[in-house]
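Q: Below you'll find the structure I mean.
The values are calculated or read from the model by the stated rules, or taken from the named source; none is laboratory data. Just so you know, these numbers come straight off a predicted model, no measurement behind them. Don't worry about glycine lacking a Cβ; one is built from the backbone with ideal geometry, like all the others, and counts go over all protein chains shown. In case anyone asks, the SASA skips ligands and DNA or RNA and just uses the protein heavy atoms, side chains included. Shrake-Rupley method; radii C 1.70, N 1.55, O 1.52, S 1.80 Å.
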Amino acid sequence: MNALIPLHEEILACRRCEAEGFILPAAPVVSGPVMSRIMLIGQAPGRVELVERRPFQGKAGRVLFTWLRSVGIHEDEFRESVYMTAITKCFPGPAAGGNGDRRPSAREIALCRPFLDRQLEIVRPAVILLVGGLAIERFLPKAPLADLVGRRIEQDGRMYIPLPHPSGASRWLNHPEHKELLARAMEQVRDAWTGLGESRGEDVRQRTVVAAGA
Ligand code: SF4
(Lines give C-alpha, C1' and ligand atoms only; values in the text may rest on other atoms or scores of the structure.)
Protein backbone atom coordinates (compact mmCIF):
# COMPACT_ATOMS: atom_id res chain seq x y z
CA MET A 1 0.00 0.00 0.00
CA ASN A 2 2.84 2.40 0.91
CA ALA A 3 4.31 2.01 -2.56
CA LEU A 4 1.03 2.14 -4.51
CA ILE A 5 -0.32 5.40 -3.07
CA PRO A 6 2.67 7.55 -4.12
CA LEU A 7 2.68 5.80 -7.50
CA HIS A 8 -1.00 6.69 -8.00
CA GLU A 9 -0.20 10.28 -7.00
CA GLU A 10 2.63 10.34 -9.52
CA ILE A 11 0.37 8.97 -12.27
CA LEU A 12 -2.39 11.46 -11.46
CA ALA A 13 0.10 14.33 -11.72
CA CYS A 14 1.58 13.11 -15.02
CA ARG A 15 1.28 15.43 -18.05
CA ARG A 16 3.92 13.82 -20.32
CA CYS A 17 1.60 13.17 -23.28
CA GLU A 18 0.04 16.62 -22.95
CA ALA A 19 3.51 18.18 -22.91
CA GLU A 20 4.39 16.33 -26.12
CA GLY A 21 1.15 17.43 -27.81
CA PHE A 22 -0.62 14.06 -28.00
CA ILE A 23 -3.59 14.84 -25.77
CA LEU A 24 -5.33 17.81 -24.22
CA PRO A 25 -5.77 17.69 -21.32
CA ALA A 26 -4.02 14.81 -19.58
CA ALA A 27 -6.46 13.32 -17.07
CA PRO A 28 -5.01 10.06 -15.77
CA VAL A 29 -7.30 7.39 -14.31
CA VAL A 30 -6.17 4.92 -11.65
CA SER A 31 -8.30 2.63 -9.53
CA GLY A 32 -7.91 -0.54 -7.59
CA PRO A 33 -7.66 -2.33 -4.29
CA VAL A 34 -4.10 -2.51 -3.07
CA MET A 35 -4.04 -6.25 -2.44
CA SER A 36 -5.75 -7.47 -5.63
CA ARG A 37 -4.82 -10.91 -6.94
CA ILE A 38 -6.51 -10.11 -10.26
CA MET A 39 -5.56 -7.19 -12.50
CA LEU A 40 -7.52 -6.02 -15.52
CA ILE A 41 -5.57 -4.12 -18.19
CA GLY A 42 -7.44 -2.28 -20.94
CA GLN A 43 -6.31 0.02 -23.75
CA ALA A 44 -6.93 3.51 -22.34
CA PRO A 45 -9.74 5.42 -20.61
CA GLY A 46 -12.57 6.71 -22.82
CA ARG A 47 -14.37 10.07 -22.94
CA VAL A 48 -16.73 9.15 -20.05
CA GLU A 49 -13.78 8.11 -17.87
CA LEU A 50 -12.19 11.47 -18.68
CA VAL A 51 -15.03 13.06 -16.69
CA GLU A 52 -15.83 10.34 -14.14
CA ARG A 53 -12.17 9.41 -13.54
CA ARG A 54 -13.04 5.75 -12.94
CA PRO A 55 -12.19 2.90 -15.33
CA PHE A 56 -14.88 1.35 -17.55
CA GLN A 57 -17.65 3.82 -16.75
CA GLY A 58 -18.98 4.29 -20.29
CA LYS A 59 -20.46 2.03 -22.95
CA ALA A 60 -17.49 -0.34 -22.96
CA GLY A 61 -17.87 -0.72 -19.20
CA ARG A 62 -21.57 -1.54 -19.51
CA VAL A 63 -20.72 -4.29 -22.01
CA LEU A 64 -17.83 -5.59 -19.90
CA PHE A 65 -19.99 -5.80 -16.78
CA THR A 66 -22.74 -7.54 -18.76
CA TRP A 67 -20.19 -10.17 -19.78
CA LEU A 68 -19.08 -10.56 -16.15
CA ARG A 69 -22.66 -10.76 -14.89
CA SER A 70 -23.27 -13.64 -17.32
CA VAL A 71 -20.87 -15.72 -15.19
CA GLY A 72 -22.18 -14.47 -11.85
CA ILE A 73 -19.69 -11.66 -11.16
CA HIS A 74 -21.31 -8.35 -10.25
CA GLU A 75 -19.86 -4.93 -10.95
CA ASP A 76 -19.55 -3.69 -7.35
CA GLU A 77 -17.87 -6.88 -6.23
CA PHE A 78 -15.53 -6.80 -9.23
CA ARG A 79 -14.54 -3.17 -8.67
CA GLU A 80 -13.88 -3.90 -5.00
CA SER A 81 -11.60 -6.84 -5.75
CA VAL A 82 -9.86 -6.20 -9.05
CA TYR A 83 -7.09 -3.71 -9.79
CA MET A 84 -8.21 -2.03 -13.03
CA THR A 85 -5.77 -0.14 -15.18
CA ALA A 86 -4.80 0.41 -18.82
CA ILE A 87 -1.83 0.51 -21.18
CA THR A 88 -2.08 4.31 -21.16
CA LYS A 89 -3.84 6.13 -18.34
CA CYS A 90 -5.39 9.09 -20.21
CA PHE A 91 -8.17 9.44 -22.79
CA PRO A 92 -6.37 9.61 -26.16
CA GLY A 93 -9.21 11.41 -27.97
CA PRO A 94 -11.49 10.15 -30.75
CA ALA A 95 -10.24 8.10 -33.69
CA ALA A 96 -9.72 10.06 -36.92
CA GLY A 97 -12.45 8.05 -38.68
CA GLY A 98 -14.92 8.72 -35.86
CA ASN A 99 -15.22 5.03 -34.98
CA GLY A 100 -14.34 4.79 -31.29
CA ASP A 101 -11.29 6.19 -29.53
CA ARG A 102 -7.87 6.82 -31.03
CA ARG A 103 -5.39 4.02 -30.44
CA PRO A 104 -2.53 5.48 -28.38
CA SER A 105 0.66 5.91 -30.40
CA ALA A 106 3.84 3.92 -29.77
CA ARG A 107 5.37 7.03 -28.17
CA GLU A 108 2.46 7.47 -25.72
CA ILE A 109 2.62 3.77 -24.84
CA ALA A 110 6.36 4.10 -24.19
CA LEU A 111 5.83 7.23 -22.06
CA CYS A 112 3.24 5.44 -19.92
CA ARG A 113 4.92 2.03 -19.78
CA PRO A 114 7.01 2.68 -16.63
CA PHE A 115 3.78 3.29 -14.70
CA LEU A 116 2.32 -0.07 -15.74
CA ASP A 117 5.61 -1.83 -14.99
CA ARG A 118 5.58 -0.38 -11.48
CA GLN A 119 1.89 -1.23 -10.95
CA LEU A 120 2.69 -4.83 -11.86
CA GLU A 121 5.70 -4.91 -9.51
CA ILE A 122 3.64 -3.61 -6.60
CA VAL A 123 0.32 -5.41 -7.10
CA ARG A 124 1.93 -8.69 -8.32
CA PRO A 125 -1.35 -10.16 -9.62
CA ALA A 126 -1.73 -13.92 -10.06
CA VAL A 127 -4.20 -13.43 -12.92
CA ILE A 128 -4.27 -10.69 -15.56
CA LEU A 129 -7.31 -10.06 -17.73
CA LEU A 130 -6.10 -8.50 -20.99
CA VAL A 131 -8.92 -6.47 -22.54
CA GLY A 132 -8.41 -5.68 -26.22
CA GLY A 133 -5.64 -5.99 -28.76
CA LEU A 134 -3.29 -3.36 -27.34
CA ALA A 135 -3.19 -4.98 -23.90
CA ILE A 136 -2.85 -8.45 -25.43
CA GLU A 137 0.07 -7.33 -27.64
CA ARG A 138 1.93 -5.95 -24.62
CA PHE A 139 2.10 -9.35 -22.90
CA LEU A 140 1.51 -12.20 -25.36
CA PRO A 141 3.14 -13.34 -28.62
CA LYS A 142 1.40 -11.95 -31.70
CA ALA A 143 -1.52 -14.12 -32.85
CA PRO A 144 -5.03 -13.61 -34.24
CA LEU A 145 -7.59 -12.77 -31.57
CA ALA A 146 -9.49 -15.97 -32.42
CA ASP A 147 -6.40 -18.00 -31.43
CA LEU A 148 -6.15 -16.28 -28.06
CA VAL A 149 -9.65 -15.58 -26.72
CA GLY A 150 -10.94 -18.67 -24.92
CA ARG A 151 -7.44 -19.73 -23.87
CA ARG A 152 -5.74 -19.37 -20.50
CA ILE A 153 -2.06 -18.67 -20.93
CA GLU A 154 0.50 -19.39 -18.20
CA GLN A 155 3.55 -17.19 -18.60
CA ASP A 156 6.10 -15.65 -16.21
CA GLY A 157 4.39 -17.22 -13.21
CA ARG A 158 1.04 -15.60 -14.00
CA MET A 159 -2.14 -16.59 -15.77
CA TYR A 160 -3.27 -14.36 -18.64
CA ILE A 161 -6.86 -14.39 -19.89
CA PRO A 162 -7.22 -12.48 -23.19
CA LEU A 163 -10.57 -10.83 -23.95
CA PRO A 164 -11.84 -8.80 -26.90
CA HIS A 165 -12.40 -5.10 -26.28
CA PRO A 166 -16.03 -4.39 -25.28
CA SER A 167 -16.13 -0.93 -26.90
CA GLY A 168 -18.14 -2.15 -29.91
CA ALA A 169 -15.71 -0.46 -32.31
CA SER A 170 -14.59 -3.84 -33.66
CA ARG A 171 -16.89 -6.20 -35.56
CA TRP A 172 -14.99 -9.23 -34.26
CA LEU A 173 -17.78 -10.20 -31.90
CA ASN A 174 -20.39 -10.25 -34.66
CA HIS A 175 -19.16 -13.67 -35.73
CA PRO A 176 -21.06 -16.50 -33.93
CA GLU A 177 -17.87 -18.55 -33.40
CA HIS A 178 -16.24 -15.57 -31.74
CA LYS A 179 -19.22 -15.22 -29.39
CA GLU A 180 -18.57 -18.82 -28.34
CA LEU A 181 -14.91 -18.00 -27.71
CA LEU A 182 -15.97 -15.07 -25.56
CA ALA A 183 -18.32 -17.32 -23.56
CA ARG A 184 -15.42 -19.74 -22.99
CA ALA A 185 -13.15 -16.89 -21.93
CA MET A 186 -15.73 -15.66 -19.43
CA GLU A 187 -15.94 -19.14 -17.94
CA GLN A 188 -12.19 -18.92 -17.45
CA VAL A 189 -12.59 -15.56 -15.74
CA ARG A 190 -15.23 -17.10 -13.46
CA ASP A 191 -12.93 -20.05 -12.66
CA ALA A 192 -10.04 -17.71 -11.82
CA TRP A 193 -12.39 -15.55 -9.73
CA THR A 194 -13.71 -18.58 -7.86
CA GLY A 195 -10.24 -20.09 -7.46
CA LEU A 196 -8.94 -16.91 -5.86
CA GLY A 197 -12.07 -16.53 -3.72
CA GLU A 198 -10.45 -17.05 -0.32
CA SER A 199 -7.55 -14.69 -0.86
CA ARG A 200 -9.88 -12.23 -2.60
CA GLY A 201 -11.93 -12.12 0.58
CA GLU A 202 -8.81 -11.25 2.52
CA ASP A 203 -8.00 -8.57 -0.02
CA VAL A 204 -11.42 -6.97 0.40
CA ARG A 205 -10.97 -6.89 4.17
CA GLN A 206 -7.59 -5.19 3.74
CA ARG A 207 -8.45 -3.09 0.76
CA THR A 208 -7.65 0.52 0.32
CA VAL A 209 -9.16 1.82 -2.88
CA VAL A 210 -7.11 4.60 -4.37
CA ALA A 211 -8.99 6.12 -7.26
CA ALA A 212 -8.88 9.41 -9.02
CA GLY A 213 -11.65 11.59 -7.71
CA ALA A 214 -12.45 9.08 -4.93
S1 SF4 B 1 -1.10 8.56 -20.81
FE2 SF4 B 1 0.36 8.03 -19.17
S3 SF4 B 1 2.31 9.03 -19.74
FE4 SF4 B 1 0.66 9.98 -20.95
S5 SF4 B 1 0.07 11.79 -19.73
FE6 SF4 B 1 -1.35 10.10 -19.18
S7 SF4 B 1 -0.37 9.15 -17.37
FE8 SF4 B 1 1.19 10.41 -18.38
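Q: Under a point-charge model restricted to the Cβ atoms of Lys and Arg (+1) and Asp and Glu (-1), what is the dipole moment magnitude of the stretch 4-206 relative to its Cα centre, in debye to the nearest 20? Mind dumping the intermediate values first?
A: Details: 28 positive and 25 negative charges, 87 e Å.
In total the dipole reaches around 420 debye.
Q: Right, here's the next one. Pop out the carbon and sulfur fraction of the accessible area of the chain as a percent, whole number, probe 1.4 Å. Could the numbers behind the result be given before it?
A: On the way: 5220 of 10420 Å².
Ligands and nucleic acids excluded, carbon and sulfur reach 50 percent.
Q: Return the single residue from GLY97, GLY132, GLY32 with maximal mean-square fluctuation; model: Gaussian network over the chain, springs between Cα atoms under 10 Å.
A: Of GLY97, GLY132, GLY32, the most mobile in the Gaussian network model is GLY97.
Q: Tell me which trypsin sites (Lys or Arg not before Pro) from the stretch 41-149 have a DSSP coil assignment and no more than 11 other beta carbons within 10 Å of their own. The partial results should precede the final answer.
A: Details: sites: ARG47, ARG53, LYS59, ARG62, ARG69, ARG79, LYS89, ARG102, ARG107, ARG118, ARG138, LYS142; in loops: ARG53, LYS89, ARG102, LYS142.
In loop regions of the stretch 41-149 (DSSP not H, G, I, E or B), the sparsely surrounded trypsin sites (Lys or Arg not before Pro) are LYS142.
Q: Still on this structure: Rounded to the nearest 500, what is the 222 nm mean residue ellipticity of the chain from helices alone, with -39500 (n - 2.57) per DSSP H run of 4+ residues and division by all residues? List each step's numbers first, then the result.
A: Working: 10 runs with 97 residues, N = 214.
Helices in the chain give a 222 nm mean residue ellipticity of -13000 deg cm²/dmol.
Q: So what are the ³J(HN,Hα) numbers for the stretch 73-79, from phi and the Karplus equation (6.51, -1.76, 1.60; θ = phi - 60°), rounded to whole Hz, Gly and Pro as x?
A: 9, 9, 3, 4, 5, 5, 4
Q: Just to confirm, what accessible area per residue do you get for the stretch 4-206 at 1.4 Å probe, in whole Å²? Walk me through the numbers before you get to the answer.
A: Details: 9690 Å² over 203 residues.
On a per-residue basis, 48 Å².
Q: Amide H neighbours of MET159 under 5 Å, counting only residues 5+ apart in sequence or on other chains, H built in-plane at 1.01 Å?
A: Under 5 Å from the amide H of MET159: VAL127, ILE128.
Q: Return, for the Cα atoms of the chain, the radius of gyration and Dmax in Å, separated by a comma.
A: Looking at the chain, its Cα Rg and Dmax stand at 16.2, 46 Å.
Q: Here is a further query. Choose one answer from PRO104, PRO125, PRO141: the residue with the largest mean-square fluctuation in a GNM of the chain with alpha-carbon springs under 10 Å.
A: Among PRO104, PRO125, PRO141, the largest GNM mean-square fluctuation belongs to PRO141.
Q: Take every DSSP beta bridge with both residues inside the chain and express the antiparallel ones as a percent of the total, to the nearest 5. Please report the intermediate quantities before stating the final value.
A: Values: 6 of 20 bridges.
Roughly 30 percent of the DSSP beta bridges within the chain come out antiparallel.
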